[in-house]
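S.K.: Submitted below is the structure of interest, expressed as structure tokens.
The values are calculated or read from the model by the stated rules, or taken from the named source; none is laboratory data. Predicted, not measured: the structure shown is a model, and the values here were computed from it. Cβ atoms come from the backbone with ideal geometry, glycine included; neighbour counts cover every protein chain shown. For accessibility, only protein heavy atoms count, side chains too; no ligands or nucleic acids. Shrake-Rupley method; radii C 1.70, N 1.55, O 1.52, S 1.80 Å.
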Amino acid sequence: MKRLYQWPLDPAGRLVRLVLAEKGEGFERVDSPAWAPHPDVAALGYGAVTPALVSSDATGRVVACGTRAICEHLEEAYPLPALLPADPNERAEARRLWAWVEAGCEEITDTLLTERVVQWVRRERQPDSEKLRRGAHALRGRLTFLNGLVEINGYLAGRTLSLADLAAAAHLSAYDYFGDVEWNAVPDLKTWYARIKSRPAFRPLLADRIDGTRPVPHYADLDF
């Protein structure tokens, strides 16, 4: 049995969900938003954060917290289908771009996505317009870079799907819930996202609905 502590619009949790689905591994989802963590999370270990995956079977219990620990664990425990290339150089490049995506999108998540959540989900206050502008500017820069990569490679790190692609798709899908991704400005990235979006593993993400707000009309449209 696997239990994943996450919040549906958290890009990190979305990445783990995609990896589990690509591996064909079932799991139980437990909501644990950053502003109200599930009480189980603190009991998992000192400094435990979400996303957190707890796996239990006849051989014992494994606890992994954070995308790096979880995704590397899943890649080792369930090697097929592989989400990192077999070639060492290509594998290193996929890991590099995976790390770049997560670090490069941190500012966008902390500004643009957080303010959207405050505005439409939590409804605690008016969004900070300066943070929205800063996040939107950062997002445009990341989109341009990603568009260049897929224009050259087809996928981010080469000709095959990798964890770098899933990490980028997880982040962009969360921003796209509120319509903040300007897809028409990055046509190659839009084509890439349409391919990722059409994968069976992506369907549960497209079915997400957050209490208090619905996604933009094109969010679940495969031909957007």
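S.K.: So which of Ala220, Ala201 ends up being closer than 23 Å to Pro8 by Cβ, small (Gly, Ala, Ser) and outside any loop (DSSP other than H, G, I, E, B)?
M.R.: None of the other options fit; the residue is Ala201.
S.K.: How many residues are surrounded by fewer than 17 Cβ atoms within 10 Å (Cβ to Cβ), in contact with a helix residue (DSSP H, G or I) (Cβ under 8 Å, 6 or more places away or on another chain) and aliphatic (A, V, I, L, M) when one looks only at segment 150-162?
M.R.: 0
S.K.: Inside segment 1-98, counting only strands (runs of 3 or more DSSP E) that do not spill past its ends, which hold 1 or more residues that are touching a residue at least 40 places away in the same chain (Cβ under 8 Å), open to solvent by less than 60 Å² (accessible area, probe 1.4 Å) and among the charged types (D, E, K, R)?
M.R.: 2-6
S.K.: For a quick check of your reading of the model, give me the residue pairs whose first member lies in segment 197-224 and is more than 15 Å from Trp7 (Cα to Cα) and open to solvent by 70 Å² or more (accessible area, probe 1.4 Å), whose second is outside any strand (DSSP E or B) and modelled with pLDDT of 95 or more, with beta-carbon atoms closer than 7 Å and at least 6 apart or on different chains.
M.R.: Close Cβ pairs satisfying both conditions: Leu222/Ala194; Leu222/Lys197; Leu222/Ser198.
A quick yes/no check of all residues on (1) under 17 Å from the mean Cα position of the chain (by Cα); (2) surrounded by fewer than 20 Cβ atoms within 10 Å (Cβ to Cβ); (3) at pLDDT 95 or above; (4) assigned to a helix (DSSP H, G or I):
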{"site": "Glu130", "(1), (2), (3), (4)": "no, yes, yes, yes"}
{"site": "Phe145", "(1), (2), (3), (4)": "no, yes, yes, yes"}
{"site": "Gly148", "(1), (2), (3), (4)": "no, yes, yes, yes"}
{"site": "Ala164", "(1), (2), (3), (4)": "yes, no, yes, yes"}
{"site": "Ala170", "(1), (2), (3), (4)": "yes, no, yes, yes"}
{"site": "Tyr175", "(1), (2), (3), (4)": "yes, no, yes, yes"}
{"site": "Thr191", "(1), (2), (3), (4)": "no, yes, yes, yes"}
{"site": "Ala194", "(1), (2), (3), (4)": "yes, yes, yes, yes"}
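S.K.: Something else: Would you confirm, using the coordinates I've provided, whether Glu106 is touching a residue at least 24 places away in the same chain (Cβ under 8 Å), open to solvent by 80 Å² or more (accessible area, probe 1.4 Å), under 24 Å from Val19 (Cα atoms) and not β-branched (Val, Ile, Thr)?
M.R.: For Glu106, the condition - touching a residue at least 24 places away in the same chain (Cβ under 8 Å), open to solvent by 80 Å² or more (accessible area, probe 1.4 Å), under 24 Å from Val19 (Cα atoms) and not β-branched (Val, Ile, Thr) - is not met.
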